[in-house]
Amino acid sequence: MSFGLIDGFGRIHDSLRISVTDRCNIRCFYCMPEEAVDYARREEILTFEEIERFVRVAATLGVNKLRLTGGEPLLRRDLPKLIERLASIPGIHDIALTTNAVLLSQHAQALHDAGLRRLNIHLDTLDRERFRQITRRDDLPRVLDGINAAVNAGFSRIKLNIVAVKGLIEPDITPMALYCRERGFEPRFIEFMPLDAQSIWDRGKVLLADDIINLLSREISPLIAVPDADPRAPATEFAYADGAGTVGFVASVSKPFCLNCNRIRLTADGKIRYCLFAIEETEVKSLLRNGAGDEEIAEALKRNVSEKWIGHQINSTKFVPPPRPMYSIGG
Ligand code: SF4
């Protein structure tokens, strides 16, 4: 396989994150406004055929891993059909999904039958009142049902994404870690990033990975760093000294990992983003809709990656938040 997506720093890009919708059925305060969400018009959203075609082209350039995100991807009707189509593309050997699991109990079996094997479930707390406070929806019971349905459907590689907002989730850290240990899931603590629609982020609200490592080591079992299976993966892995499980940390603020970044993104409305925090984007929807050849789409992809910066600027005074909030980028 020739890798065609190499940026100016020599980083090879083989992982594509695809937002299949910007819509969501919950309202996490660190992502979306409660009301008046500025969604893209339906006709702006890429069709399954357009997504599949884009991935076919990207696969010829070395992309082999896909992650489907949103908004909330399970709001997209017939998502298992898209997964089947993407899983059949030569060169694609790994497909994962990030969901808030509110609708998972209805779709888990169909997703597994379609060939999906990796699930990241976004859940910050097991406390119903705090869940309501964070998401502005009373859906925790449905999320827990969804998780059980995923286990019953045969999903064995389940990770829980936990957004570590300081002053809010500290009481949840140990209960979430124990919940995962008991079920063989891996909790992923994600440092809070400045991607929210209401600009509430500040450094003081970031619960640092090191603080969580110390807390879990004190309250459960010492955490020992394990060698990265894939040094380009965003999470740093730790294992409990007692052998009962692992914990992942996505320390984007305190320990940026941009130098190993292998990710590019496709937004639901057809823009390529070389970084979660990118200011510029490359529009490909018109290429996909107006009869452009695969070569033109490949050129747009290569051009976007060739313009990629060294990494996010969160820790520099030059930092400018991206013009899109998280729900319209996708994790
Ligand atoms: S912030 Fe951007 S460059 Fe850094 S790891 Fe994330 S996507 Fe890659």
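The values are calculated or read from the model by the stated rules, or taken from the named source; none is laboratory data. Since the model is a prediction, treat every value here as computed from it, not as a measurement. With ideal geometry, Cβ positions are generated from the backbone for all residues, glycine too; neighbour counts draw on all protein chains shown. What goes into the accessible areas is simple: the full protein's heavy atoms, side chains included, and nothing from ligands, DNA or RNA. Shrake-Rupley method; radii C 1.70, N 1.55, O 1.52, S 1.80 Å.
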Using 12 Å as the cut-off for backbone N distance, which residues of segment 24-65 belong to the label zone defined by a point 7 Å from the Cα of Asp78 along Cα→Cβ?
-> 47-50
Per residue of the chain, what 222 nm ellipticity follows from adding -39500 (n - 2.57) for every DSSP H run with n ≥ 4, rounded to the nearest 500?
-> -9000 deg cm²/dmol
Using modelled backbone amide H atoms (1.01 Å from N, in-plane), which distant-in-sequence or interchain residues come within less than 5 Å of Asn161's amide H?
-> Ile121, His122, Leu123, Arg188
For peptides 282-292, 169-179, sequence by mean Cβ density within 10 Å, most packed first | 169-179, 282-292
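Taking R0 as 35 Å, what FRET efficiency do you get between Glu219 and Asn260 from their Cβ-Cβ distance, rounded to the nearest 0.05? List each step's numbers first, then the result.
Working: r = 31 Å, r/R0 = 0.87.
FRET efficiency, Glu219 to Asn260: 0.70.
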Report the residues of segment 249-293 in range of a label on Phe9: point 7 Å along Cα→C-beta, backbone N strictly under 16 Å from it.
-> 251-265, 274-280
Which loop-located trypsin sites (Lys or Arg not before Pro) does segment 56-90 contain, where loop means any DSSP state but H, G, I, E or B and the Cβ has at most 15 other Cβ atoms within 10 Å?
-> Arg77
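Calculate the tail of P(r) for the chain: the fraction of all Cα-Cα distances greater than 32 Å, expressed in %. It would help to have the intermediate numbers written out before the result.
On the way: 13753 of 54615 pairs.
Everything past 32 Å amounts to 25 percent.
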³J(HN,Hα) computed for each position of segment 297-302 - Karplus, 6.51 cos²θ - 1.76 cosθ + 1.60, integer Hz, glycine/proline x | 5, 4, 4, 4, 5, 4
Spatial separation of Cα centroids for segment 273-321 and segment 196-221, in angstrom | 30 Å
Under 5 Å between amide H atoms, partner at least 5 residues away or on a different chain: which partners does Glu283 have, H built in plane at 1.01 Å?
-> Ile272
Hz values of 3J(HN,Hα) by residue in segment 133-141 - Karplus curve (6.51, -1.76, 1.60), Gly and Pro given as x = 5, 6, 9, 6, 9, 9, 10, 4, x
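So which of Lys81/Lys159; Lys159/Lys302; Lys166/Lys271 end up more than 28 Å apart, counting from Cα to Cα?
Details: Lys81/Lys159 23 Å; Lys159/Lys302 31 Å; Lys166/Lys271 32 Å.
Violating the 28 Å Cα-Cα cut-off are Lys159/Lys302; Lys166/Lys271.
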Starting from the Kirkwood radius over alpha-carbon pairs of segment 190-299, derive D by Stokes-Einstein at 25 °C in a medium of 0.890 mPa s and give it in µm² s⁻¹.
-> 145 µm²/s
How far apart, in nm, are two points set 7 Å out from the Cα along the Cα-to-Cβ line at Ala229 and at Glu52?
-> 2.9 nm
List the residues of segment 50-87 whose backbone N lies under 15 Å from a point placed 7 Å from the Cα of Tyr39 along the Cα-to-Cβ direction.
-> 70-78
Karplus 3J(HN,Hα) series, Hz, for segment 309-316 with 6.51 cos²θ - 1.76 cosθ + 1.60 (x for Gly, Pro) = 7, 5, x, 5, 10, 3, 8, 10
Residues whose placed amide H lies under 5 Å from that of Val206, excluding near-sequence neighbours | Lys166
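Please state the charge dipole magnitude for the chain, taken about the Cα centre, from unit charges on C-beta atoms (+1 on K and R, -1 on D and E), reported in debye and rounded to the nearest 20.
Numbers: 44 positive and 45 negative charges, 28 e Å.
That gives a dipole near 140 debye.
May I ask you to give the solvent-accessible area per residue for the chain, in square angstrom, as obtained with a 1.4 angstrom probe?
Values: 13830 Å² over 331 residues.
Solvent-accessible surface per residue comes out at 42 Å².
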Once the dipole of segment 23-99 is set up with Lys and Arg at +1 and Asp and Glu at -1 on Cβ about the Cα centre, which of Ala58, Thr47, Leu75 lies farthest towards its positive end?
-> Ala58
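Counting only protein heavy atoms, what percent of the accessible surface of the chain is carbon or sulfur at a 1.4 Å probe?
On the way: 7270 of 13830 Å².
For the chain, the apolar C and S fraction of the accessible surface comes to 53 percent.
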Counting only Cβ distances under 4.7 Å between cysteines, those in the chain with no partner are Cys24, Cys180, Cys258, Cys261, Cys275
